[in-house]
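As structure tokens, the structure follows; a few thoughts come after it.
The values are calculated or read from the model by the stated rules, or taken from the named source; none is laboratory data. Worth saying up front: this structure is predicted, and the values here are computed from it rather than measured. Heads up, the Cβs are rebuilt from the backbone with ideal geometry, glycines too, and the neighbour counts pull from every protein chain shown.
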Amino acid sequence: MKQFRLHKVASVCLIAAMALIGCSSQGGEKAAPGTQPGASEGSGQQVTLSMHSWRVEDTEGYKAIIQAFEAENPNIKIDFKPFKATEYNTILNTALQSDSGPDILQLRPYAPGISLAEAGYLEPLDNIAGISAFPKDVLAAATGKDGKVYGVPLSLNSTQFFYNKKIFEQNGLKEPKSWDELIATAKTLKEKGIVPISFGAKEGWLLSLSHGVIAPASYSGSGYIDKLLKGESNLQSPEFLQSISRMQELIPYFPENYVGLELNDMRTLFATEKAAMFINGSFELEGLKKLNPDLQLDFFPMPTNDQKAVITTWVDGSYAVNAKSKHKPEALKFMEFMATKKFGELFANQFKRISAVPGVSTDDPLVNKMAELSQSSSTPYLMVVHFAEGKPTTKQALENALQGMYLGKLTPEQVAEEIQKSAATWFPPFKK
């Protein structure tokens, strides 16, 4: 797999936006993992590390990965404990604040994860073996202004339209190459009694993610993002407003009662072949195949206004070490393992996702297709990479406003106004 690259300007501006308070190793020392004071490695003493995640669906997959680590490190056991994604942040923050946090924790990408480093909860990982092999723009998802790395990147995510090839073929449909073709495809499916798009508005994060898929078609990739970062445009521009209007334009092609549907409902509707398309991330691939191994699955990138196609990408799910872990040397040992090609290959093949470890490929053609498009036709996930700050974050403001629109309380113009108002409170280019 070619080396993954996010948009260069995006990464630079992201790093510049991070105000990071570095937290050092205990006693100010930077010894290598396994040699720090208090290390129990080599003593024969059994150590169990707690490891928290928001990916409940990954439980089975991590068993094989953890077994591989424990086989090489028999004195270290990993207790993997995932939580519901929508509850994870609150549970983790409460635990960290009470000094009862896990030894190893999964970081939300970019600003939310870095905020934990700012609060002094994370151990710098600059000295672990293998971390320097990651490209800087990948490490940017967990790197502070001081240049310290606080997480080992896990995966390179993308968002796209999944579709059922059998349903498309049975109805004489092809992958749409423009917005008008997408709407025409949805109309044809609806006329034939098939739910065109499996979609739900109950969980806010799914709305910002869906917008992340659809929006780049309106501004044709990354050129518009450059203007935003320079303060030459804003979130009430014609391009951004069109992206919100298109979210509204898709309403007739959603399931009945879509405002009450959550991810499990959407996933099941598509996997059971009751819906033809499903807007979601690359991380859904494994789950869909497990639900229906016979599903004839494919995906298409978003067709843009300039007759091209774009796929939205970001670095997701870095893992970090609790600065107050009582077993820090052992936890750092696991971080070293996560930076190896062995881990990357296990991860990619277990979860059918693009590993962040350089040089890793899989035997899954869809994952490789995602990786190739991430190289040739990608744009950053705008709300995650650039607008995940503020109180509440601008990403959350978008989610709330879109929910309001789907409940018939806000127009697209009012949604764009709310988003711009949120960003203007903290986003430096908008405060000039």
Problem set entry | Every residue from the range 329-372 that is among the β-branched types (Val, Ile, Thr) and under 18 Å from residue 318 (Cβ atoms) | 340, 354, 357, 360
Exercise. From the set of residues in the range 230-248 that are over 21 Å from residue 180 (Cα atoms) and not basic (Lys, Arg), which is nearest to the chain's Cα centre (by Cα)?
Worked result: 235
Exercise. Condition test on residue 316, is it more than 30 Å from residue 335 (Cα to Cα), in contact (Cβ under 8 Å) with a residue 12 or more places away in the chain and of a type in the set (D, E, K, R)?
Worked result: no
Seminar exercise, completed: By residue number, the members of the range 45-74 that are surrounded by 14 or more Cβ atoms within 10 Å (Cβ to Cβ), touching a strand residue (DSSP E or B) at 6+ places or on another chain (Cβ under 6 Å) and of a type in the set (A, V, I, L, M) are 47, 49, 51, 66
Exercise. So which residues in the range 254-287 are in contact with a Phe, Trp or Tyr (Cβ under 8 Å, 6 or more places away or on another chain) and closer than 18 Å to residue 215 by Cα?
Worked result: 254, 277, 278, 279, 280
Problem set entry | residue 425, sole failed condition from (1) part of a helix (DSSP H, G or I); (2) surrounded by fewer than 16 Cβ atoms within 10 Å (Cβ to Cβ) | (1)
For this session: Might you check whether a residue that is at pLDDT 95 or above, touching a Lys or Arg at 6+ places or on another chain (Cβ under 7 Å) and either under 29 Å from residue 169 (Cα atoms) or among the aliphatic types (A, V, I, L, M) (or both) occurs anywhere in the range 189-196?
Result: yes
For this session: Give me the pairs, please: first residue somewhere in the range 88-109 and outside the structural domain of residue 57 (by TED's automatic domain parsing), second residue anywhere and outside any helix (DSSP H, G or I), beta-carbon distance under 9 Å, and either six or more positions apart or on two chains.
Result: none
Exercise. Does the range 323-345 contain any residue that is polar (S, T, N, Q) and at pLDDT below 90?
Worked result: no
For this session: Can you tell me which residue among 418, 389, 399 is touching a residue at least 24 places away in the same chain (Cβ under 8 Å), acidic (Asp, Glu) and not in a loop (DSSP other than H, G, I, E, B)?
Result: 399
Problem set entry | Test for residue 391: is it in contact with a Gly (Cβ under 9 Å, 6 or more places away or on another chain) and closer than 26 Å to residue 115 by Cβ | no
Seminar exercise, completed: Considering residues that are in contact with a strand residue (DSSP E or B) (Cβ under 9 Å, 6 or more places away or on another chain) and either surrounded by 23 or more Cβ atoms within 10 Å (Cβ to Cβ) or not basic (Lys, Arg) (or both), the number found within the range 182-222 is 24
Exercise. For residue 175, are the conditions met, namely being out of contact with any Pro (no Cβ under 6 Å at 6 or more places or on another chain), surrounded by fewer than 20 Cβ atoms within 10 Å (Cβ to Cβ) and in a loop (DSSP other than H, G, I, E, B)?
Worked result: yes
Problem set entry | Residue in the range 128-145 that is nearest to residue 318 (Cα to Cα), counting only those that are over 19 Å from the mean Cα position of the chain (by Cα) and not in a loop (DSSP other than H, G, I, E, B) | 131
Seminar exercise, completed: Of 382, 373, 410, 366, the only residue that is of a type outside the set (S, T, N, Q) and buried (at least 23 other Cβ atoms within 10 Å of the Cβ) is 382
Exercise. Would the range 239-250 turn up any residue that is of a type in the set (A, V, I, L, M, F, W, C), out of contact with any helix residue (DSSP H, G or I) (no Cβ under 7 Å at 6 or more places or on another chain) and more than 30 Å from residue 364 (Cα to Cα)?
Worked result: yes
